[in-house]
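Asks: So that we are looking at the same thing, I have put the structure below in structure tokens.
Coordinate-derived values only; no laboratory data. Just so we're clear, the structure is a prediction, and the values are computed from it rather than from any experiment. Note that we place each Cβ from the backbone using ideal geometry, even for glycine, and neighbour counts take in every protein chain shown.
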There are 2 protein chains.
Amino acid sequence: MKSEKSKEILKFPKATFERLKQYHALLTQLEIEQKQRYILSEEIAEMLKITPEQVRKDFSYLKTSGKPKVGYNISELLAELDELFGIKANDNIIIVGAGNLGSALANYKGFQNIGARVVAIFDKDQEKVGKMVGELMVLPLKDIPRVVRRFHVRTVAICVPEDAAQQVADLLVAYGIKAIWNFSTRILDVPNDVIVQNEDITRGLLSIKHMLAESEKRKYENSEV
Amino acid sequence: MKSEKSKEILKFPKATFERLKQYHALLTQLEIEQKQRYILSEEIAEMLKITPEQVRKDFSYLKTSGKPKVGYNISELLAELDELFGIKANDNIIIVGAGNLGSALANYKGFQNIGARVVAIFDKDQEKVGKMVGELMVLPLKDIPRVVRRFHVRTVAICVPEDAAQQVADLLVAYGIKAIWNFSTRILDVPNDVIVQNEDITRGLLSIKHMLAESEKRKYENSEV
DNA sequence: TAGATTGTTAATCGATTAACAATC
DNA sequence: TAGATTGTTAATCGATTAACAATC
């Protein structure tokens, strides 16, 4: 029974784990569309711009298996991934910062697909407190501990301006928060047992810039030959 | 001279390139703070939760070198990374979708640090057209081709609801856009020569869920011994 | 049955870590 | 000078790709 319990979180290659998240998103989408019941590794590969061999290799770590010439059962695969990511075990999260970004997050409908729910949104600005964001009323920061206790909140999204991010993080750590979802570009300094997930969007744009530069370069070289 | 030109975009290990973006963000922050002129590989490593050896290995691909016992000159390192990422070559980008997320993006101040500028924001909703988002007036979709031509826009951020994302992508591809910065969770189907950068935020939350589950598991196991 | 696709093993490739000489 | 830190080479580790048998 112990070994059972321990096995619940399997050890995948880190790279595989990252792709499993992509498969999960794709399969969720396909499941909603209801257009097909099976999917080939080839089709998945094409949509995610990877190779079919890679897809099959990744799936070989799962219990679900595919049928030659038929592919993988979408519902079955999705169910296993849901289980794997603990989608059914709902996580209550809160948002600090009720600006545009915080509001966008609060209104985001996709959280239910990954077993998360936004239970409250906070702002230090008295002007914003009391206003509605979607179905939530903006609360003052002092209410954070109460909400955290009541809803067993472990994860907090920080959506405040750069210069307030560290301060808010310190506060949350003091309140016993386990994980910070950091939407500021500020590198946060927190104790080692607090999980920080940086969601610095500028990284994506840097990748685009780089890829654009590379394709320009290729064009230049080809025209030269 | 050809070889000069070709060398402008150096070949780094992919993993190193990803970390270079983190170093860039960190150094940008330190440069703004003006608290120190030099930084040790050890200090960088601690802030980014990697090893100092990794940092030095990554930097060995750069021209900038550090001084034993002194570290790396922050300005010098940042200047090289700026050059490397083409920060000085400004990129004009546009945003489609003037909801909370699009508005957050339009108001984001950090773009200048990575050589990007939002020149326009669009929405299909007539109610939103004409309203101000920061310093930009929301424009109707039909104005996209004009703006793209006038500002040489290559990159577009898609901030529309899930079910409109593919449609907008098709439109943009037809207008000759080179790169799509996709903020919807929808997997987009576009021609191979169009760059797509997916900014699916739910992935970060899945990582958090997984890390929380792992640390719970560790706690459980330790208490059992 | 023939052909297509899966799943797995082995080979290759790439990234990280370890070790240590060079240098301030 | 002694000690700390950098930078590089070699060793290890991990991930991807190739090859191919199994199977529908």
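Asks: Rounded to the nearest 500 deg cm²/dmol, what is the calculated helix-only ellipticity per residue at 222 nm for the protein assembly as shown, with -39500 (n - 2.57) per DSSP H run of length n ≥ 4?
Replies: After summing the helix terms and dividing by residue count, I get -14500 deg cm²/dmol.
Asks: Defining a contact as two alpha carbons under 8 Å apart and six or more residues distant in sequence, what relative contact order in percent does the range B:2-84 show?
Replies: 35 percent
Asks: Here is a follow-up. Distances over 24 Å make up what percent of all Cα-Cα pairs in the range B:105-225?
Replies: The share of Cα pairs beyond 24 Å in the range B:105-225 comes to 40 percent.
Asks: Another one. Net charge near B:LEU136: determine it from the other residues with C-beta under 13 Å of the C-beta of B:LEU136, scoring Lys and Arg +1 and Asp and Glu -1.
Replies: Charge balance near B:LEU136 sits at 0.
Asks: Still on this structure: List the distances, in nm to one decimal, from the label point of A:MET211 to the label points of the same position in every other copy, shortest first, placing each label point 7 Å from Cα along the Cα-to-Cβ direction.
Replies: Result, one decimal in nm: 2.5.
Asks: Rounded to two decimal places and with Rh computed the Kirkwood way over Cα pairs, what is Rg over Rh for the range B:2-84?
Replies: 0.97
Asks: OK, next. For a quick check, take a GNM of chain A with Cα springs below 10 Å and name the residue from A:HIS210, A:HIS152, A:HIS24 with the largest mean-square fluctuation.
Replies: Of A:HIS210, A:HIS152, A:HIS24, the most mobile in the Gaussian network model is A:HIS210.
Asks: OK, next. Quick check on the protein assembly as shown: what does the Kirkwood estimate of hydrodynamic radius come out to from the alpha carbon pairs, in Å?
Replies: Evaluated on the protein assembly as shown, it is 23.8 Å.
Asks: Report, as an integer, the average count of C-beta atoms from other chains found within 10 Å of each Cβ along A:210-217.
Replies: Average per residue, whole number: 5.
Asks: Okay, moving on. Here are some pairs, A:LYS14/B:LYS35; A:LYS49/B:LYS88; A:LYS128/A:LYS178; A:LYS219/B:LYS109; which of them have Cα atoms lying more than 28 Å apart in this structure?
Replies: Violating the 28 Å limit, Cα to Cα: A:LYS14/B:LYS35; A:LYS49/B:LYS88; A:LYS219/B:LYS109.
Asks: Okay, moving on. Taking only C-alpha pairs under 8 Å that are 6+ residues apart, what is the relative contact order of chain B in percent?
Replies: 12 percent
Asks: So for chain B, Kirkwood radius off the Cα pairs, Stokes-Einstein at 10 °C and 1.306 mPa s: how many µm² s⁻¹?
Replies: The diffusion coefficient I find is 78 µm²/s.
Asks: What are the label-to-label distances in nm, one decimal and shortest first, from A:LYS124 to the same spot in the other copies, with labels 7 Å along Cα to Cβ?
Replies: Inter-copy label distances (nm, one decimal, shortest first): 4.0.
Asks: Given springs between every Cα pair under 10 Å in a Gaussian network model of chain A, which of A:VAL70, A:VAL133, A:VAL148 has the largest fluctuation?
Replies: Answer for the Gaussian network model of chain A: A:VAL70.
Asks: Here's something else I'd like to know. Please work out how much length the chain gains when fully extended from B:ARG218 to B:ASP143, using 0.36 nm per residue of separation minus the C-alpha to C-alpha distance, in nm with one decimal.
Replies: Going from the current span to full extension adds 21.5 nm.
Asks: Can you list, shortest first in nanometers, how far A:LEU171 lies from the same residue in the other copies, with each label 7 Å from Cα toward Cβ?
Replies: For A:LEU171, the other copies' label points sit at 3.9 nm, shortest first.
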